[in-house]
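**Q** Encoded as structure tokens, here's the structure I'll be asking about.
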Amino acid sequence: MSVIPIDWPQAKAAAEQATSDFAGLLRNAPNGDARVPGLAWNVGELGAHLVTCAMRYTDFAHGEPSTVEDDNFDAANADWLRRLTDRDPRELAEQLAQASEAFLKEVEADDSRMSMSGVPVDKSVAACILLNELRVHGLDLSRAVGKKGSISPSDALLINYAALNLLPALVGRAGARDFNATFEVRFRGGETVAQRFHDGTLTITRGAAPSADCRMSVDPTTALLVAYGRIPRWRAALSGKILAWGRKPWLLLTYQRLLPSV
């Protein structure tokens, strides 16, 4: 069961809209050779990456193992890009629409075999993980084609809620081995969760943490962009978009270090 239940119709609609938005940017891209600011890819390669993501997620829905936590993830991703040779943005837009639709239909019909990072996930979480790829890389693509992109608070909340299910499997266990602390994370406009680190493991529960060492108030969009390295942590702190207080507010730095960088 998801840490925070996510409504399927809402998750599905969000993923469908994000697919449409990303595909629309691809269709209107001047050419596939334009570089994507901040990434090693050009527009065609970024479009191909999103197509392969949707295709891989369909494989995960069929019970294939996820490579999210694999040390060879970068190599696996490069291999998928080599297999999908098309780099024409308009062709990729159509392929993305088809692959995303196939994935959502698959998990809606049967999500019993779906897992990511070794964690069973339901159809709503799965849709929000695809939403994550589409929205974060949608910002990248917007910059590449000279458009102003954004991630709505509602989409950012869905993505953060979905990520809560994977964090315990992805957290840096080596660094957290001797770390013991409890954090309360309040997503602005949304839910609050308690995150407890204990000797290399992370447990997340819905609701407040009465004895938290560090309490945080986070803007969900900012938290997402910090996690993906799209904005620096210091900027988020100075803007007040991520605030920490409590007995040990300085543990925010440790918290950010232990969470996976993506």
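The values are calculated or read from the model by the stated rules, or taken from the named source; none is laboratory data. Note that the coordinates shown come from a computational prediction; the quantities given were computed from them, not determined experimentally. Positions of Cβ are generated from backbone atoms using ideal geometry, with glycine treated the same way; all protein chains shown enter the neighbour counts. With ligands, DNA and RNA removed, areas are computed over all heavy atoms of the protein, side chains included. Shrake-Rupley method; radii C 1.70, N 1.55, O 1.52, S 1.80 Å.
**Q** Where Lys and Arg each count +1 and Asp and Glu each count -1, what net charge lies around R35 among other residues with Cβ under 14 Å from its Cβ?
**A** Working: positive: R87, R143; negative: D33, E45, D140.
Counting the neighbours of R35, the net charge comes to -1.
**Q** Now for a different question. Cross-link candidates for K241: which lysines have Cα within less than 18 Å, leaving aside residues fewer than 8 places away along the same chain?
**A** Hits, sequence-local ones excluded: zero.
**Q** Would the range 170-262 count as rounded, prolate or oblate if I go by the C-alpha gyration tensor, calling it rounded below 1.5 in a/c and otherwise prolate when a/b exceeds b/c, oblate otherwise? Present the calculation step by step, with values, prior to reporting the outcome.
**A** Working: a/c = 1.60, a/b = 1.20, b/c = 1.34.
Judged from the Cα gyration tensor, the range 170-262 comes out oblate (a/c at least 1.5, b/c at or above a/b).
**Q** Counting heavy atoms of the protein chains only and a 1.4 Å probe, report the per residue accessible area for the range 177-262 as a whole number of Å². Don't jump to the answer; show the numbers that get you there.
**A** Details: 4480 Å² over 86 residues.
Heavy-atom accessible area per residue stands at 52 Å².
**Q** Further question on the same structure: Students often forget the sequence filter, so: which aspartates and glutamates lie under 12 Å Cα-Cα from K123 once same-chain residues fewer than 8 apart are removed?
**A** D7, E106, E108, D110, D111
**Q** What does the C-alpha gyration tensor say about the overall shape of the range 18-110? Classify as rounded when a/c is under 1.5, otherwise prolate if a/b is larger than b/c, or oblate. Kindly include the intermediate steps, with their values, before the conclusion.
**A** Working: a/c = 2.35, a/b = 1.27, b/c = 1.84.
Note, shape of the range 18-110 comes out oblate.
**Q** What does the C-alpha gyration tensor say about the overall shape of the range 73-187? Classify as rounded when a/c is under 1.5, otherwise prolate if a/b is larger than b/c, or oblate.
**A** Since a/c reaches 1.5 and a/b is larger than b/c, the shape of the range 73-187 is classed as prolate.
**Q** Hey, what angle do you get for helix 123-144 against the long axis of the chain, alpha-carbon based, 0 to 90 degrees rounded to 10?
**A** That works out to roughly 70 degrees.
**Q** Report, as a whole number in µm² per second, the diffusion coefficient that Stokes-Einstein gives for the chain at 10 °C and 1.306 mPa s using the Kirkwood radius over alpha carbon pairs.
**A** 84 µm²/s
**Q** Could you grab the relative contact order for the chain? Cα pairs under 8 Å, six or more apart, rounded to a whole percent. Don't skip to the answer; put the middle values down first.
**A** Working: 444 pairs, mean separation 49.1, N = 262.
Relative contact order comes out at 19 percent.
**Q** With every protein chain left in place, what is the accessible area per residue of the range 90-160 in square angstrom, probe 1.4 Å?
**A** Working: 2870 Å² over 71 residues.
Result: 40 Å² per residue.
**Q** What's the carbon and sulfur percent of the chain's accessible surface, probe 1.4 angstrom, rounded to a whole number?
**A** On the way: 6350 of 12260 Å².
Here it works out to 52 percent.
**Q** Helix 43-61: angle to the longest alpha-carbon principal axis of the chain, degrees 0 to 90, nearest 10?
**A** 70 degrees
**Q** Cα centroid distance between the range 144-166 and the range 1-46, in Å?
**A** About 10 Å separates the Cα centre of the range 144-166 from the one of the range 1-46.
**Q** Another question, if that's okay. Any chance you could list the semi-axes, whole Å, largest first, of the equivalent ellipsoid that the Cα gyration tensor gives for the range 74-124, using √(5λ)?
**A** On the way: eigenvalues 125, 59, 8 Å².
Its equivalent ellipsoid spans semi-axes of 25, 17, 7 Å.
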